[in-house]
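Chemist: Can you read through this structure? Questions will come right after.
No value in this document is a laboratory result; all are computed from the given coordinates. Remember, predicted model here, so these are calculated numbers, not experimental data. Cβ sites come from the backbone with ideal geometry, for glycine too, and all protein chains shown count toward neighbours.
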Amino acid sequence: MKSELMRRFIPSENGDNDIKRPIFTAVPNESTIISYNESGTPLSYYTSGEWDFYAYTFKRGAREHGYRIIWDESLSTEWLQGLRRFAYELLWEYERTNSTAITTVISKVQLAIRLAKTLSEHGITTPSQIDNTKREIVYYIIKKRNLSRGSCEAYLSVLNSLSRASVTNLTFTPIGKLAKKLSSKSKGKKQTLAIPEPIACAIYGQAISEVERYHAERHRLAEFFSGYIKLLSQTYTYASVRDYLNSYGYVSITNFEPSKYRESKENTAKFGWDTVSGFYNDIQAACGAMISSTTGMRINEWYELTPDSYQTRTFNKTTVCYLVGSVSKLKKGTPKPHAWVCAPQTELAIDVLKAISEYQRESLMSQAQTDKDKHFAQSLFLKFDVHDKKRNKATSSSALTTALKKLPHRVTYISKETGESIVGAQMLPEHLEEYQKLNNQRSENVEIGEVWPLLSHQFRRTFAVFYVRNGFGSFMQIKQQFAHVKVAMSMWYGRNSELATSLDLRIDDDIQDAIEEMNIELMTEVLSDIYLTDKKLSGGAGKRIDAKKRAGVHVFGSREEIEIAVRNGSITLVDNGTSLCLNPSCGRLSCKVDPSTSALQCKDDILFDQHIEQQAQLRQRLIRRLENLISCEINQPNMISKLTVGIKACEKLMENHDVTFSPYDFKGAA
């Protein structure tokens, strides 16, 4: 047992815990301090019924239950003693000397408590009973819970941790094989739904339309919300509140419905509160949908957006729009700055959020006592009532999810097959093929005629799918945009789930060497086709290489020379999804070349016949979008010009590769 000085985990902005270093208690007791509040005053003690660590997070929107350990008093004294000791050592002796996020430790202890409760219900009422004679009983209990493989691994891992801490006397190996055996076959890896393009366009179009309308009214909306809250703080009557709300025309209330716990009609009930706060949440959800659909942001990253988040920078006469916030997933629990490239229209959403949350932000700022309070007060996703007793002042993710689910029901669009006007973003027969291809390992099933069950994480996956599908870049750029650690995770979002099998590999040096050899072999093979055959090439680099070969100039004389060049790094090849590129640092997010015309403009691009097939498909999608803009009489000259150039660029490439097609009639379309 360590008896050295241990760190007192004092809350701080940067996550450093070096304000004080008291003696670590080898035998903790009722006076042993576990956690502190923001001012450094002891908050939780070793024998407290709850260990509260909410002061230790600097994440806006962090949920309180994720920072609490609640000790289940229904457990036996032996279980509680063992689990408390286990948690104490995790927090202070082992984990806190490393850089592990405190939420990771808390989650592990919470899982251990649930496991102890389940074992107790099956007769294992003390941890000392868990020995080799109880192995099969433990297997039975885990299997009975009908868990996924990942959940089974988590349970077995916690049991092994309890054994290492001398709480129990039984270990389980190998965890991976056991988890596979004990897991439910129906709980395999499921993937968040990607939204079929026509449905996504309808939902995104609705969100954009609402945000544009709110943007024009944003100052009046801010006045409406703040005025209502101020009115409730005064002496008022039901009639005065009703008249106030109806005078703005945003919501309408006609009948009084007393609060569940308040029956008085005068001065006690919050008249119209659910209606007004629901409208406030609907606006936040529409803005969030617009933001995530153009960036792929997670819902918990919305909370890190502030009034200054939308920014622009100009590179080589090209202006790039981006949102500045922070990410904390896989960042040891501490928010780290991050930027997401976005569409210019995203600024409208930020402006709307800035306006409607102004009263809440000013209220919190006026009461702020610490830097952390001031930090939290800058969020654009603050809840409507920031004066409630809860410490988390952000709109709950459940409230935003409820508001998001209502968005598809407000959609009206025209079926391309029947011409019928459809109310609600419904799954139609014409969407089925695309839906099934995108979601072959779907987390849920959407039936024909059902309104799309929108969830925030669908924006993230849909962004990745269509980013790659439409030739805006590769998975490397998705990795950068999403702040992923591994490109395999980006592939999981952007393609079918079988591409994420690499996440399950435990790669050793031999396997890594084998994969490297395979990559060299594949790159050599493709480069040999480029430099040593007479295959038709397009693109900036493709044309140069083609011209040299016709002139009898050969960069490489043999396949062996190409392999040597690949191994020593003098030549490389990047697959951008729609073309090959000789620039190893190529990134479509930072590339000044428009992806729809890059094959003609980019000096490093190479295209084969198979890429031209993709260009033909891209041409059809660009034509559909152009015709939609024209038919809807949407006046966006820049977009029309971009689509026109993109269609002509695709046709030029198809012509170079002798693909038969009829040139698009731009005059007829207009």
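Chemist: What is the range 282-353 by shape, rounded, prolate or oblate, if you read a ≥ b ≥ c off the alpha carbon gyration tensor as root eigenvalues and call it rounded for a/c under 1.5, prolate for a/b larger than b/c, and oblate otherwise?
Modeler: oblate
Chemist: When the Karplus curve 6.51 cos²θ - 1.76 cosθ + 1.60 is applied with θ = phi - 60°, which whole-Hz ³J(HN,Hα) does each residue of the range 562-574 get, with x for Gly and Pro?
Modeler: So the Karplus estimates, Gly and Pro as x, are 5, 4, 4, 5, 5, 5, 8, x, 7, 8, 8, 9, 10 Hz.
Chemist: Can you bin the range 273-426 into rounded, prolate or oblate? Criterion: square roots of the alpha carbon gyration tensor eigenvalues sorted a ≥ b ≥ c, rounded for a/c under 1.5, prolate for a/b above b/c, oblate for the rest.
Modeler: oblate
Chemist: Here's another thing I want to ask about it. Tell me, what is the FRET efficiency for Glu525 and Leu111 to the nearest 0.05, using R0 = 60 angstrom and their Cβ-Cβ distance as r?
Modeler: 0.80
Chemist: Quick check on the range 398-462: take the gyration tensor over C-alpha atoms, sort the square-rooted eigenvalues as a ≥ b ≥ c, and tell me if it's rounded (a/c under 1.5), prolate or oblate.
Modeler: Since a/c reaches 1.5 but b/c is at least a/b, the shape of the range 398-462 is classed as oblate.
Chemist: Using θ = phi - 60° and the Karplus relation 6.51 cos²θ - 1.76 cosθ + 1.60, list the HN-Hα couplings for the range 147-164 in order, rounded to whole Hz, with x at every Gly or Pro.
Modeler: 9, 6, 4, x, 5, 4, 4, 5, 5, 5, 5, 5, 4, 5, 5, 5, 5, 5
Chemist: Roughly how many Å is it from the Cα centre of the range 346-401 to that of the range 598-660, as a whole number?
Modeler: The distance from the Cα centre of the range 346-401 to that of the range 598-660 comes to 44 Å.
Chemist: Here's something else I'd like to know. Whole-Hz Karplus ³J(HN,Hα) for the range 363-373, in order, using 6.51 cos²θ - 1.76 cosθ + 1.60 and θ = phi - 60°, x for Gly and Pro?
Modeler: After applying 6.51 cos²θ - 1.76 cosθ + 1.60, I find 4, 5, 5, 5, 9, 5, 10, 10, 4, 5, 4 Hz.
Chemist: What pairs from Lys185/Lys390; Lys543/Lys642; Lys437/Lys536; Lys536/Lys667; Lys354/Lys389; Lys117/Lys185 go past 29 Å between their alpha carbons?
Modeler: Listed pairs above 29 Å: Lys185/Lys390; Lys437/Lys536; Lys536/Lys667.
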